[in-house]
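Below: the structure, in structure tokens.
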Amino acid sequence: MRSHYCGQLNETQVDQEVTLCGWVHRRRDHGGVIFLDMRDRDGIAQVVVDPDTPEAFATADRARNEFVLRIRGRIRLRPEGTQNPNMPTGMIEVLAKQVEVLNTAATPPFQLDEHGKVGEEVRLKYRYIDLRRPEMIDKLRLRSRISHSVRAFLEGQGFLDIETPILTRATPEGARDYLVPSRTHEGHFFALPQSPQLFKQLLMVSGFDRYYQIAKCFRDEDLRADRQPEFTQIDIEASFVEEDDVMAITERMVRQLFSEVLDVKLPDFPRMPYAEAMQRYGSDKPDLRIPLELVDVDDLMKEVDFKVFSGPANADDGRVAALKVTGGARLSRKEIDEYTKFVGIYGARGLAWIKVNERAKGIEGLQSPIVKFMEGIVESLLDRVGAEDGDIIFFGADKARIVNEAIGALRVKLGGDLDLYTAEWAPLWVVDFPMFEADDAGRLSALHHPFTAPSCTPDELKANPAAALSRAYDMVLNGTELGGGSIRIHDRDMQRQVFEVLGINDAEAEEKFGFLLDALQFGAPPHGGLAFGLDRLVMLMTGARTIREVIAFPKTQSAACLMTDAPGEVSADQLKDLNIRLRQKAKVPTSEE
């Protein structure tokens, strides 16, 4: 039906006859001449319809925004003074000879041009309209280019694209499963995969050596800006590799991806142990563009007459950390109060601060409601953080976990609010993660997943599991975890020992993971891999605010689809087929009852 896409037209094609199909982006009537901005997925072209072609002119006259048209005409240069160098097709226009309405359109629920502003709920309800907007088309087009680049790179490295099952069994991977009832196996359920983790390990046992998949994954968890109940992973696994091998391959992949798609040369990828990242930045995915660091001051605060500081400073699980912001003394009390509310989101009970107005005056040159408690340690404190005139120092004092989360998040927020970024891109590898983390009751859980290999022997793991490190590694970019991976456990005894540390006895392990334990005794090779979040990667590369902006049909923060009204009810007959009966909600009595 068409000869060209609208966005493909340029001045080299002057005097060519073309046929365009697309939507009316904007219609303008200038002194008896009608201008139609025609839009398709490749861009916008200006079409001119004049009264010399009466039939075409009459059709164009009744066309409205979002009508679907087919137009045949001749490309010509725009008249001098009407050219638009900011538009790819801005040097030419199409003089229409024929205009055909392929379909009419109701008035859309919101404008699609650059002046249209609309809430996200309306955009998601009419997503098929929202996706017509050029900026949304550009994001999804770039997503397609990213997927293509990844596939080409991995296949060039000898990786095979192998699909793994979507219907599987529930396994503990840190979030709730989406369960699918089985009609043929009464009372039994499939689970949608949180990742292809076990299947890709079994492919390594099978001898496929190098596997990849751009896989759909599902997690029934609380949502954030960078999470969805269904998301897409770039999943990679290889045999006979160590950490350096996997990190080198995936780093090359990401470098090539940024070079091909964005024409960006990424800087070096430094490596940082998890413990150092938490100490310096309060985060295992630090944004290295921000030149702010947490500084421990526990030793200085142990004897101060201020229990908010001295209590955590003397507690085994406590931490007192300072965050110096160069030039931050200009912050108003109102702004500081807003930051105090912000850290409260992360469990902090307050935010202490000191403004350094004139350091040479000692304590008299400081401004703070807590400075009276600091008389004996002021100089040591200011030296420790490198404070100068005009700086502000924020403090976090609580359990180490709360301080890390609260002050780590404050560091990132200050970096954005005060525009402290020192680079456009800052990649990083975080390594040497703990094997386990403990909850408030002291119970251990796997920091990554229970199939991650420890960097110790089974006996050492059994003797002191809390001190064990894992052979895990995360790739971080601009404070976002792009991907996480590890060398996996390929030894049956080590896997059983990890299960034992996690409180999974032999019977439970056999029930849930018997197939894996069996496979590990039939010549499982050393293997490892990494999984990237494709949605997060596209979000970063497009500069989108959330991953909903780079997914064609995303869910809301409550895991609902406003467009299809999913999840929805199903009929009684369907439930009966699945041997499911819904529990009736308890009736709330009225005052008359």
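Taken together, the values in this text are just the output of simple stated rules run on the coordinates, not laboratory data. Quick caveat, the model's predicted, so the values are computed rather than measured. Using ideal geometry, Cβ is built from the backbone for each residue, glycine included, and neighbour counts are taken over all protein chains shown.
Take Arg545 and Asn505, extend 7 Å from each Cα along the Cα→Cβ direction, and tell me the distance between the two endpoints in nm.
5.2 nm
Got a sec? How would Val343, Val118 order by Cβ neighbour count within 10 Å, fewest to most?
Val118, Val343
How would the stretch 238-343 be classified by its alpha-carbon gyration tensor: rounded, prolate or oblate, with rounded meaning a/c under 1.5 and the a/b versus b/c comparison settling the rest?
Oblate.
From the C-alpha coordinates alone, can you work out the Kirkwood hydrodynamic radius of the stretch 290-422, in Å?
After inverting the pairwise mean of 1/r, the radius is 14.7 Å.
Would you calculate the volume per residue, in Å³, of the smallest convex hull containing every Cα atom of the chain?
So the per-residue Cα hull volume is 264 Å³.
Under a plain spin-label model, where a point goes 7 Å from the Cα along Cα-to-Cβ, how far apart in nm are Ala105 and Val570?
3.6 nm
Which whole-number percent is the relative contact order of the stretch 243-387 (Cα, under 8 Å, 6+ apart)?
16 percent
Arg349 to Ala423: extension gain in nm, 0.36 nm per residue of separation minus the Cα-Cα distance?
23.3 nm
Considering Cα pairs under 8 angstrom that are at least six residues apart, work out the relative contact order of the chain and quote it in whole percent.
13 percent
How are the alpha carbon pair distances in the stretch 516-555 distributed across 5 Å bins from zero to the largest one, expressed in percent?
The percentages, shortest bin first, are 5, 19, 17, 11, 7, 7, 8, 14, 9, 2.
How about Lys200: which lysines have a C-alpha closer than 28 Å to its C-alpha, ignoring those fewer than 8 places off in the same chain?
Partners found: Lys216, Lys285, Lys462, Lys512, Lys555.
Tell me, how many Å apart are the Cα centres for the stretch 547-575 and for the stretch 1-53?
What the calculation gives is 37 Å, centre to centre.
Within the stretch 265-329, report the GluC sites (Glu not before Pro) that DSSP leaves as loop and that have at most 13 other Cβ atoms within 10 Å.
Answer in residue order: Glu303.
Using the beta-carbon distance between Arg333 and Val264 and R0 = 45 Å, what value does 1/(1 + (r/R0)^6) give for FRET efficiency, to the nearest 0.05?
So the FRET efficiency works out to roughly 0.65.
Using alpha-carbon positions, what is the distance between the centroids of the stretch 197-263 and the stretch 118-183, in Å?
One Cα centre to the other: 13 Å.
Let me see the P(r) profile for the stretch 392-439: every Cα-Cα distance counted, bins of 10 Å, each bin given as a percent of all pairs.
18, 38, 35, 9
If you take the charge dipole of the chain about its Cα centre, with +1 on Lys and Arg Cβ and -1 on Asp and Glu Cβ, which of Gln83, Val343, Ala472 is farthest toward its positive end?
Positive-most Cα among the choices belongs to Gln83.
Among bridges DSSP assigns within the chain, what percent are antiparallel (round to 5)?
Roughly 95 percent of the beta bridges in the chain run antiparallel, per DSSP.
Specify whether the C-alpha gyration tensor of the stretch 476-593 places it in the rounded, prolate or oblate class, a ≥ b ≥ c being the square roots of the eigenvalues: rounded for a/c under 1.5, otherwise prolate if a/b is larger than b/c and oblate if not.
Oblate shape, in that a/c is at least 1.5 and b/c is the bigger or equal ratio.
So for the chain, taking the charge dipole from beta-carbon charges (+1 Lys/Arg, -1 Asp/Glu), which of Ser259, Asn10, His148 sits furthest toward the positive end?
About the Cα centre, the residue reaching furthest to the positive side is Asn10.
Short version: what are the Cα gyration tensor semi-axes of the stretch 6-103, square root of 5 times each eigenvalue, largest first, in whole Å?
Value: 19, 15, 13 Å, ordered largest first.
Grab the DSSP H runs of the chain that are 4 residues or longer, score each as -39,500 (n - 2.57), total them, divide by all residues and round the 222 nm result to the nearest 500 deg cm²/dmol.
That comes out to -8500 deg cm²/dmol.
Please name whichever of Ala438, Gly386, Leu420 sits farthest to the positive end of the charge dipole of the stretch 353-492, dipole taken about the Cα centre and charges placed at Cβ: Lys and Arg +1, Asp and Glu -1.
Ala438
So which lysines pass the test for Lys361, namely a Cα distance under 23 Å, with those fewer than 8 places away in the same chain ruled out?
Qualifying lysines at Cα under 23 Å: Lys324, Lys372.
Might you report the magnitude of the Cβ-based charge dipole of the stretch 288-401 about its Cα centre, with Lys and Arg at +1 and Asp and Glu at -1, to the nearest 20 debye?
That gives the stretch 288-401 a dipole magnitude of about 480 debye.
Rounded to the nearest 20 debye, what is the charge dipole size of the stretch 378-425 about its Cα centre when +1 sits on each Lys and Arg Cβ and -1 on each Asp and Glu Cβ?
Rounded to the nearest 20 debye, it is 380 debye.
Sort Met1, Met38 so the one with the fewest other Cβ atoms within 10 Å of its own Cβ comes first.
Met1, Met38
Relative contact order for the stretch 14-129: what percent, with Cα pairs under 8 Å and sequence separation of 6 or more?
26 percent
Quick check on the exposure proxy: order Arg72, Arg330 from fewest to most C-beta atoms within 10 angstrom.
Arg330, Arg72
Normalised radius of gyration for the stretch 435-530, please: alpha carbon Rg relative to 2.2 N^0.38 Å, two decimal places.
Compared with the compact-globule rule of thumb, the stretch 435-530 sits at 1.12.
Report, in debye and to the nearest 20, how large the dipole of the chain comes out about its Cα centre when Lys and Arg carry +1 and Asp and Glu carry -1 on their Cβ.
Here the size comes out at about 1760 debye.
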